[in-house]
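The values are calculated or read from the model by the stated rules, or taken from the named source; none is laboratory data. In this text the structure is predicted, and so the values were computed from the model without any measurement. As a convention, Cβ positions derive from the backbone with ideal geometry for all residues, glycine included, and neighbour counts pool all protein chains shown. SASA here: full protein model, heavy atoms, side chains in, ligands and nucleic acids out. Shrake-Rupley method; radii C 1.70, N 1.55, O 1.52, S 1.80 Å.
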Amino acid sequence: MSAPPQTRGEPITDRRQLAAYLESGSKPTDQWRIGTEHEKFAYRVSDHRPLPYEGPDGIGELLTRLQRFGWDPVEEKGNLIALTQGMANITLEPGGQVELSGAPLETLHQTCAEVHRHLEQVKEIGGELGIAMMGLGFQPKWRRDEIPWMPKGRYRIMGDYMPKRGNLGLDMMMRTCTVQVNLDFASEADMVKKFRVSLALQPIATALFANSPFTEGKPNGFQSFRSHIWTDTDPDRTGDLPFVFEDGFGFERYVDYLLDVPMYFVYRDGAYIDASGQSFRDFMQGRLPALPGEVPLITDWADHMTTSFPEVRLKKYLEMRGADGGPWRRLCALPALWVGLLYDSQALDAAWDLVKGWTTEERAHLRAEVPRHALRTPFRGRTVREVALEVLEIARGGLARRARNDNWGDDEAHFLNTLLDIAESGQTPADELLAKFNGPWGGSVDPVFKEYAY
């Protein structure tokens with residue numbers, strides 16, 4: 001989630017403006033960038049409890065001290081709720097998860113250096129405050145009612161609305177962490193192909209990154225409980241979007257989908273106005289109950305786009321949203337996977353050849369089964385593990401052909417090695433955690449807070 005938006009921009013009177021806004025993201029190949037985001041759980045070292053916002057070791061103090069590294073503060077109603085530096089941001093999720101929204105960078109080498117620099121900074125401050133951070137897909141120990149809410153207006157509105165539409169929406173807000181990457185497209189046709197490939201293959205990423213097998217101190221029966229949570233959050237704004245694979249799909253069809261997503265809020269004069277359940281179509285006609293007589297600004301549309309949560313999300317770029325949070329190497333591996341598949345034309349063609357015959361029912365099967373079975377999910381006479389090996393080979397070729405070398409002459413393909421180890425062994429990160437829980441950890445999740453701290 002980014003810092004509070006600014007109320008400015010042109011009024012929206014025609015739906016074609018909305019499609020034009022998405023299309024304005026199209027960029028020539030030499031301007032394509034990589035924007036990596038990752039969330040992590042912050043907790044006290046002494047008792048492993050999640051951090052409140054207030055207090056000498058709270059999230060507010062963490063953000064205050066991070067400013068020593070050149071980050072500028074962003075406030076909401078007197079609370080420091082985000083930091084910004086150039087085109088990068090540090091933001092807060094509802095339960096105090098700390099997110100780095102990285103700058104748009106040219107290479108994976110730069111991306112991994114950015115992640116490393118950020119983790120060094122939070123580790124330095126954490127050492128002073130007696131706090132640590134770790135990357136998992138789901139909070140392994142604490143109940144939802146034991147996790148403090150962060151003081152952000154949009155989260156209050158979302159928190160009130162979520163339980164009306166699903167059983168696990170508040171768990172999504174308070175107890176999950178992800179890593180995702182934002183990637184560019186050249187044109188509408190390029191966007192469509194990338195959207196279809198990445199949507200079909202999102203369950204493969206979910207399987208490789210599956211890292212959330214615990215709930216409240218016990219195994220939950222899932223490899224990626226975080227992924228399962230999205231299936232019972234809000235059917236109006238989640239899922240795998242079958243219409244993306246229909247003939248004629250493009251920017252306008254995605255606009256129609258977003259216009260059918262109920263609103264959460266409107267941001268005006270430094271405050272979030274509750275518009276939950278109301279219609280953006282009504283807003284465009286000046287009939288929004290929350291703001292009668294007003295029509296939206298283009299910034300309202302940009303805000304509204306952030307309130308849909310499909311497995312791949314279209315803005316002025318495409319967001320890959322299927323992976324659980326994890327340790328440092330996997331934070332670099334996630335963008336490597338998708339850059340390798342989508343930023344090389346030969347790899348994109350090969351990936352499309354792999355998935356273009358998959359039916360709506362087969363894609364739905366993957367989405368439903370992978371959270372529980374991950375790489376062991378049966379699919380088309382083989383397993384997801386075998387599909388993952390094929391996908392990784394395509395991605396590795398794409399990264400090799402990109403030929404973006406570091407100072408030692410290495411290309412970007414080595415960032416996939418941690419995923420190749422997972423696919424070749426058939427052992428997911430969740431399997432590793434469960435083996436430790438059932439073995440050396442003696443049926444306790446407490447060691448995870450030390451062994452998996454950044």
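With respect to L291, is the statement that it is in a helix (DSSP H, G or I) and either within 16 Å of the chain's Cα centre (by Cα) or at pLDDT 95 or above (or both) true?
no
In this structure, is T418 in contact with a Lys or Arg (Cβ under 8 Å, 6 or more places away or on another chain), hydroxyl-bearing (S, T, Y) and modelled with pLDDT of 95 or more?
Against the criterion (in contact with a Lys or Arg (Cβ under 8 Å, 6 or more places away or on another chain), hydroxyl-bearing (S, T, Y) and modelled with pLDDT of 95 or more), T418 qualifies.
Please specify each residue of region 13-71 satisfying the condition of being assigned to a loop (DSSP other than H, G, I, E, B) and among the aliphatic types (A, V, I, L, M).
V45, L51
Assuming F185 fulfils every condition listed in (1) part of a helix (DSSP H, G or I); (2) open to solvent by less than 20 Å² (accessible area, probe 1.4 Å) apart from one, which condition is it?
Here F185 clears every test but (1).
Answer with yes or no whether M191 is out of contact with any Ser or Thr (no Cβ under 8 Å at 6 or more places or on another chain) and of a type outside the set (V, I, T).
Taking the combined requirement at face value, the residue does not satisfy it.
Restricting to region 109-168, name every residue that is over 18 Å from H38 (Cα atoms) and polar (S, T, N, Q).
Listed by number, the list holds a single entry, N167.
Can you report the number of residues in region 432-449 which are in a helix (DSSP H, G or I), surrounded by fewer than 18 Cβ atoms within 10 Å (Cβ to Cβ) and touching a residue at least 60 places away in the same chain (Cβ under 8 Å)?
1
Which one is least open to solvent (accessible area, probe 1.4 Å), of the residues in region 311-347 that are out of contact with any helix residue (DSSP H, G or I) (no Cβ under 6 Å at 6 or more places or on another chain) and free of Cβ contacts under 8 Å to residues at least 60 places away in the same chain?
Of everything passing the filter in region 311-347, R313 is least open to solvent (accessible area, probe 1.4 Å).
Residues to consider are P235, P163, P148, P219; find the one that is closer than 20 Å to P94 by Cα and open to solvent by 40 Å² or more (accessible area, probe 1.4 Å).
One residue alone meets the criteria, P163.
So, G126, is that one outside any helix (DSSP H, G or I), out of contact with any Ser or Thr (no Cβ under 8 Å at 6 or more places or on another chain) and buried (at least 19 other Cβ atoms within 10 Å of the Cβ) or not?
So G126 does not fit the description; no.
Against the definition (farther than 21 Å from H365 by Cβ and exposed (fewer than 15 other Cβ atoms within 10 Å of the Cβ)), how does G250 come out, yes or no?
When the stated conditions are applied, G250 does not pass them.
Taking the options R376, R385, R396, R404, name whichever one is open to solvent by 50 Å² or more (accessible area, probe 1.4 Å) and in contact with a His (Cβ under 8 Å, 6 or more places away or on another chain).
R404
Between residues in region 216-229 that are more than 11 Å from L434 (Cα to Cα) and residues that are among the aromatic types (F, W, Y) and open to solvent by less than 10 Å² (accessible area, probe 1.4 Å), which pairs lie under 6 Å by C-beta distance while being six or more apart or on different chains?
What qualifies is F225/F138; R226/F138.
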